[in-house]
Every structure is written in C-alpha cells, then in structure tokens.
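The block underneath contains the structure these notes are about, expressed in structure tokens.
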Amino acid sequence: MAIEGAELIKAAAFLGAGLAMGLGAIGPGVGEGMVGAKACEAIGKNPEEAGLLTRTMLVGQAVSESTGIYSLVVALLLLFVV
Amino acid sequence: MEDLGKIHQLIVNLSGYEMTFNLDILVLSWIVIIGLLVFGYFASRNRQLVPGAVQTIGETFVFQFYSLTEDALGERLARKYGPLIIALFMFLLMCNWLGVFPHLGEPTSDLNTTLAMGIMGFVIAHYVGIREKGIKAYLKGYCEPIFFMIPLNIIGELSKVISISFRLFGNIMGGDIIVLVVTYLTFSLVLPPFLTAFFFLFIGAIQAFVFTMLTLVYIAVQVH
Amino acid sequence: MSIEIEAWVKLAAFAGAGFSMGLGAIGAAVGEGYAAAKANAAISEKPDSSGDIVKMMLVGQAIAETAAIFALVIAVLLLFAGGGAVSIITASALMGAGLSMGLGAIGSGVGAGLPAGQACAGLARQPELSRNFTTTMLIGAAVSQTPAIFAMVIAFMLMFINFAGGSLHMVAALFGAGLCMGFGAIGSGVGSGFPAGEACAGLARQPAMGGQLTTNMLIGAAVSQTPAIFAMVVAFMLMFMNFSNLPLHPASAALLGAGLATGLAAIGSGVGSGLAAGAGCEGWARNPLTTGNVLVIMLVGQAVSQTPSIFGLLISFVLMFKSYPATEVFLASTAVLSAGLCMGLGGIGSGVGNGMTAQSAVSWVARNVEQEGVLMRTMLVGQAVSQSTAIYAMVIALALIFLV
C-alpha cells in the first residue's frame, strides 16, 4: 500500500474534519446545556417570566452554538473543498 | 439481521433524472394519514357537551397543543398556525408508534420523511417571519451582529433543518436497530417487548413532542 | 528489525497489563480521596462520632477500591497467564482486554466514591442512622460497580476465548471491542455514582424515605447504565460477528471506528443521565409529596440525554454493516476511522450538557411542582437545541462514510 503525497494530504484532511467536528462539538454541547440548566432554574424561581426566559435561553444557546457551526463549516470545507 | 437495509423501491425515469420512491414508506405514511382522518371523523362526529372516549382524546390533543401555540405565538397567530402544530404532532406520534404493529415500520425511520417535515417547518417559519416583520426587518436579522456574519447566519439557519430532521431520524432508526439486534442476540426471549415499549412508545412520544416544539420555537423566533 | 509474532503477543500482554492497572487506579484513587475528604469535613463537624465516621469511610473506600482490584486481577492475569495461541489476533485481544478493564474501572472508581463520601457527611448529621447509611452506601456502591463488571466480562472474554483462527479483521475488531467497552463504562460508572451519592445525602435529610430513596436510586442508576449496555452490545458484536467476507482494508478501520463511536459517545450520555438521576434522588428527599412528578421528569430527562449515545450506536452499526468495495487506498480507511472518532467525540459534550439541563429541571420540579409543565417544556427545548452539535457530528460522520 504505497502512499502518495496528495493522498496523504486528503487523508489528513478527513482526519482533521472528523477531529474538528468531534472536538468542536464538546464545548457548545456542555455550554448550551448550562444555559438550559440556568433557564430551568430561573423559571422555577420566577415562573411569570417563562416566555421571556425561554426566548433568552434560545438566543443564548444560538450564540454559544456558533462555535459548533464554525466547526461544522471547517469540517465541510476540509471534506469537500481542500 | 438480514432485514437491515432491505427496501422496496420504485425507480421512475424522468427524462434523464432517476426519481426513487421508497414504496414501503409511502404506504406506511398513507396508513398514518388515513388512520388520522378516520380518527378525526369519529372524534368530531356528533360532538357532545359530555364527550365520549374518542372525542376526549381529540379534545386533549387540540387543547394542549393549542395552548402551547398560544403561549409561544400569541392569540392571533395561534388561530392560524395552531391547527398546523396539532396536526404535526399527531402525525409524528402516529408515525413513531406505527412500528409497534407487526409487519409495519415507522415512516420516520426514513430520513426523507423527517427531512420533508423539517423543510416544511423551515419554509413556514421563514414565510411567517417575512409576513409578520416585513422583508426589510427579516433581512436585517441576518446582518446581526455585523454584516459579514451573513454567510454564517445563513448556515446557522440551514443547520436547524439538519438538526431537527436528523434528531428524529436518528432516534427512531437507532431504536429500531437496538430492538432488532437485542432480539437477535437474546433469541427473542423476555427483553424485546420491554425494549419495544421503551423505544417505540416512550422515545417515540418524546421525540414527536420535541420535533413539534422545535418547529413552534423556530416559528416564534422568526416572529419576535 | 523484524519482531516475531511471539514477541508481539508478549508485548501486547505486558502493555495491556500496564494500561489496565495504570488507568484502572485513577478512578478508585479519586473516589477514595473524595470519601476521605468528606469524612474529614464530617469529623470536624461532629468530633464525637469520629469513630463511626472513620469506620464508614474505611468500608466505603474498600468498596470503591473494588474496581481497581478488578484491574489488578486482569493485569496479573495478563502478566502471567497471558498468551494463548501465537497470533497477531491474540496480541490485539490482550491489548484490548487491558484497555477495556483499565478504562472501564475509571468511572466506577469515581462513582463508588460518591456514596461513600456522602454517607460519611450524612453520618455527621444523623449519627444514630449508621446502619441505614451502611446499607444504602453498600447498595449504591455495588450498583456503581456494574459498568466495571461489564468491562471485566469483556476483558475475560478477550483473554480466554481463542479468536486466533479468525480472519485478520479480528485484529481491529477485538481492539475496537476493548476500547468500546472501556470508554463506554466510564460515563455510566461516574453517572451511577451521582444517584447513589444523593440517595445517601437524602437519607440524612429524610430518614423515613430510606426505602423509597433506594428504589429511586436503583431506577436512576439502571437507566444511567444504558449507554454502557450499548457499548457492551457493540463489543459483543465486534467480537462474535463474522466479518471475513468484507475486504480487509477499509473494513478494519471501520470496525475500530465503530468501537470508538459507541464507546466515546457513551461517556457523555452516561454522565448526563447520572446527573439527572442524582437530582431525582435529591428531589425525592427534599419533597416526598412530589415523587411521582420528579420520577417522570427524571426519566424523560435521562431518555433525552441518551440521544447522543443512540447516535453513536447508529454510526457504529452503519460502520459495521456497510459493504465496502475492496480498496488498497489509504484514504478510505482514514475516512471511516475519523467518522467513528468524530461521532464519538462529538457526542460527549451534548450528553453532559443535556444531563445538566435535566438535573436543573428535575431539582426545580421538586421545589416548585406547579410549574412542572413549563419546566418540562423548557427542558426538552433546551436539550434539543444543545443536541444540535452532536447532530452536526453525526452529519459529518455520515458524510465521511458515504460521500467521500
């Protein structure tokens, strides 16, 4: 099984894509979970504001998900562009 | 074990393009649709003040999801989109529960069904957003926080479709595979009925609810 | 320099023994340290009952050490009884056995330390309940050891079943099986410790709830062990299915990837389900009137927290059952291996995050039961959104398998 340079680069790109998305998913996953946890806590303390708190939670999660989306973009670029 | 990946396909040649229809899934979806129509007919036929069994079930669905829609969208929009949300939940619930019956499977274990539902929710959410906020405010939403974030915002919106449809597909398909493999490993002894109840009934109901709630949330995010 | 196969087998057995004992000692040490720290705090609070507390600490630590003792047994067996048929497959199996036991003991060691510590702390508050604390702690610690026992079963099978006659795929498959079970046991081991610890803490708060707390602990811990059971199923399939009709090249990497996907993804879900179960036990002790509501939201939260591990399982099955065209190309192997790695790593964060959301929702249902509906809804939406990164990982993994 001879390995050529171009093939090695492509292989590295695949491995990089996997690692980028895999590792990149850890942070947002935990972070968004913390946002959800605090939102549940806040609703438990102050149920009248449930609607506002849910919206704030979604905005906060959307922002902390952006690093996950960057990982997705980088992984897709590594897979299909490089 | 040999059942994995065996599907009945209808391939239609359309002037060079091959269109593939998964006949199993089409038939199963129609079974669900006809079942719901029959249920709707019997639930709404000669309605009474003191409801019978079928009417009670129907009213529970409608009331619960209508009030959820009202919470999220407000009264005016809820009158318009409430029925959609209720129908979506009942359809997905029946789809996820259909696998309990012998020889039938879940239409939602095919990515095409869930992707179609996801795209439908996406299109509706953005249509409602444009209608409610106006095209200018809608487009301005993509320039937040600064204008060169536009491509990432668009990818962020599109990835919602992917996440909502793959979540349902992954859960239902994963449950199917686990039940199949454990049934095979234990020679159909003891465990499979409990696993079936857990994955098909319990997880199926939760995932149908999650999908419906997320569609509702996506609409609400576009409106506010 | 060419090394004979006999030397490879010895090398694998020794390295496996090292991994088994080295990794296996981590968890038990952390768990015992936690128990000792809690015991010290308890003694400073209540110096009068220091004798009881020290006794409880020693019993708890002895139980928490079980996982490390399993690892020691496997290490000694690998050192002296290791061997069997001289084949490269045996070498891989022995290495896999060591890794399975070593990694698998981490979680249970930490997990079993939690009830020991909480029992010591509780004893300072309710010195007269020492018998009840001992019972609850022993049951809790025993339940937390289950994932380590799964790992030991897989390790024994890898060591003592003769796989040497199989095809060369078995090299990757057996190593993957060991890694799958080892990683898969970490999360569930730690996770089962949370309800056990909270049950001991709850006993100090509501001694009358003892029996019910044990029930809830057992339910919560059993559900938290589902990801470890997924990992065991995949490990069994990797060990006993016949892959010999697949082409050696991409398939070997795919089998290793299948093991990694389920094993790694199970870490997060195991910890996450455990967090939810711990909050459930805490809630039962806090408000005995709302046990039914707390149980429902706990089970729903746990079930949703397990979605990432179900995605991992899905990718593993795709990797195991897909038919690959024979290829000598290095690329195809890299793609399927990184698909498994991507899904496995990507599932960790979402599993833990979902568990944190569920934990908070469960504990607030116990405090404010009128808001059960809105808390359940917020929890489900929050969990669903925080799963999206695991779903992106699944999409990239599927793209790596099918598109490139």
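Which one of B:LEU158, B:LEU28, B:LEU189 has the biggest mean-square fluctuation once chain B is modelled by GNM with Cα springs under 10 Å?
Result for chain B, Cα springs under 10 Å: B:LEU189 fluctuates most.
List the lysines whose Cα sits under 20 Å from the Cα of C:LYS46, skipping any in the same chain fewer than 8 residues away.
C:LYS38, C:LYS55
Identify all aspartates and glutamates with a Cα-Cα distance to C:LYS322 below 14 Å; exclude those on the same chain that are fewer than 8 residues away in sequence.
Within the straight-line cut-off, C:LYS322 pairs with B:GLU2, B:ASP3.
Rank these residues by their accessible area, most exposed first, probe 1.4 Å: B:TYR184, A:TYR70.
B:TYR184, A:TYR70
Where does each of C:ILE396, C:ILE267 land when they are ordered by accessible area, with a 1.4 Å probe and the largest first? Mind showing how you got there, number by number?
Details: C:ILE396 0, C:ILE267 30 Å².
Output order, biggest surface exposure first: C:ILE267, C:ILE396.
Pop the C-beta distance of C:ALA326 and C:PHE80 into the FRET formula with R0 = 56 Å and round what comes out to the nearest 0.05.
Between C:ALA326 and C:PHE80 the formula returns 0.85.
Taking a threshold of 28 Å on the Cα-Cα distance, which of the pairs A:LYS38/B:LYS136; A:LYS10/B:LYS140; B:LYS80/B:LYS136; A:LYS38/B:LYS133; A:LYS38/B:LYS80; B:LYS136/B:LYS160 fall above it? Could the numbers behind the result be given before it?
Numbers: A:LYS38/B:LYS136 34 Å; A:LYS10/B:LYS140 39 Å; B:LYS80/B:LYS136 23 Å; A:LYS38/B:LYS133 30 Å; A:LYS38/B:LYS80 33 Å; B:LYS136/B:LYS160 22 Å.
Cα-Cα > 28 Å for A:LYS38/B:LYS136; A:LYS10/B:LYS140; A:LYS38/B:LYS133; A:LYS38/B:LYS80; rest within.
Using Stokes-Einstein with the Kirkwood hydrodynamic radius over Cα pairs, what translational diffusion coefficient do you get for chain A at 4 °C and a viscosity of 1.567 mPa s, in µm²/s rounded to a whole number? Walk me through the numbers before you get to the answer.
Values: Rh = 14.9 Å.
Answer from the Stokes-Einstein relation: 87 µm²/s.
Charges only on Cβ, +1 for Lys and Arg, -1 for Asp and Glu: so what's the dipole of the protein assembly as shown about the Cα centre, in debye to the nearest 20? Please report the intermediate quantities before stating the final value.
Details: 27 positive and 34 negative charges, 199 e Å.
For the protein assembly as shown, the charge dipole is close to 960 debye.
With point charges of +1 on the Cβ of Lys and Arg and -1 on the Cβ of Asp and Glu, referenced to the Cα centre of the protein assembly as shown, which listed residue (A:SER71, C:VAL233, C:ALA62) lies farthest in the positive direction of the dipole?
Result: A:SER71, furthest along the dipole toward the positive end.
Compare the Cα positions of B:GLN64, B:SER15, B:TRP97 along the charge dipole of chain B (+1 at Cβ of Lys, Arg; -1 at Cβ of Asp, Glu; about the Cα centre) and return the one farthest towards the positive end.
Going by the Cα projections, it comes out as B:GLN64.
Find the eigenvalues of the gyration tensor of the Cα atoms of chain B, then list the square roots of 5 times those eigenvalues as equivalent ellipsoid semi-axes, largest first, in whole angstrom.
Rounded to whole Å, the semi-axes are 33, 26, 17.
Can you tell which of C:LEU375, C:GLY278, C:GLY347 lies farthest toward the positive end of the dipole of chain C, using +1 and -1 charges on the Cβ of basic and acidic side chains (Lys, Arg; Asp, Glu)?
C:LEU375
Rounded to the nearest 0.05, what FRET efficiency is calculated for B:LEU23 and C:ALA29 with R0 set to 60 Å and r the Cβ-Cβ distance?
The formula returns an efficiency of 0.55 here.
Sorted from largest down, give the three principal axis spans of the alpha carbons of segment B:23-73, whole angstrom values.
Result, largest extent first: 41, 31, 12 Å.
Taking the Cα centre as origin and putting +1 on Lys and Arg beta-carbons and -1 on Asp and Glu beta-carbons, what dipole magnitude results for chain B, to the nearest 20 debye?
760
As a test of understanding, state the convex hull volume per residue of segment C:187-264 from its alpha carbons, in Å³. Could you put the intermediate results ahead of the total?
Values: hull volume 5.4 nm³, N = 78.
Roughly 69 Å³ of hull volume per residue.
If you take the Cα atoms of the protein assembly as shown, find Rg, then find the Kirkwood Rh from the mean of 1/r over all pairs, what is Rg/Rh?
Radius of gyration over Kirkwood radius for the protein assembly as shown works out to 0.99.
Order these peptides, C:89-97, C:254-262, by their mean beta-carbon neighbour count within 10 angstrom, highest first.
Most protected by this proxy first, the peptides run C:254-262, C:89-97.
What ratio of Cα Rg to 2.2 N^0.38 Å holds for chain C?
Relative to the rule-of-thumb radius for its length, chain C sits at 1.03.
Using a Gaussian network for chain A with springs between C-alpha atoms less than 10 Å apart, which of these wobbles most: A:ALA62, A:ALA20, A:ALA37?
A:ALA37
How high is the FRET efficiency between B:PHE147 and A:GLU7 when r is their beta carbon distance and R₀ equals 56 Å, given to the nearest 0.05?
0.90
Rounding to the nearest 10 and keeping the result within 0 to 90°, find how far the Cα-based axis of helix C:210-224 lies from the longest principal axis of chain C.
20
Extending each Cα 7 Å along its Cβ direction at A:VAL63 and B:HIS224, get the distance between those two points in nm, one decimal.
About 1.5 nm, to one decimal.
Might you report the magnitude of the Cβ-based charge dipole of chain C about its Cα centre, with Lys and Arg at +1 and Asp and Glu at -1, to the nearest 20 debye?
Numbers: 11 positive and 13 negative charges, 70 e Å.
That gives chain C a dipole magnitude of about 340 debye.
In terms of solvent-accessible area of protein heavy atoms at a 1.4 angstrom probe, what is the ranking of B:THR212, A:THR56, highest value first?
My answer, sorted largest first, is A:THR56, B:THR212.
What is the Cα centroid distance between segment B:147-211 and segment C:193-258, reported in whole angstrom?
19
Provide the convex hull volume over Cα atoms per residue for segment C:319-404, in Å³.
With only Cα atoms used, segment C:319-404 gives 91 Å³ per residue.
Using helices alone, I'd like the mean residue ellipticity at 222 nm for chain C: each DSSP H run of four-plus residues gives -39500 (n - 2.57), total over residue count, nearest 500. If you can, show how the numbers build up before the last one.
Working: 15 runs with 343 residues, N = 404.
Dividing the helical sum by the residues of chain C leaves -30000 deg cm²/dmol.
The values are calculated or read from the model by the stated rules, or taken from the named source; none is laboratory data. Predicted model, so just to flag it, every value in this text is computed and none were measured. With ideal geometry, Cβ positions are generated from the backbone for all residues, glycine too; neighbour counts draw on all protein chains shown. The accessibility values were calculated without ligands, DNA or RNA, using every heavy atom of the protein model including side chains. Shrake-Rupley method; radii C 1.70, N 1.55, O 1.52, S 1.80 Å.
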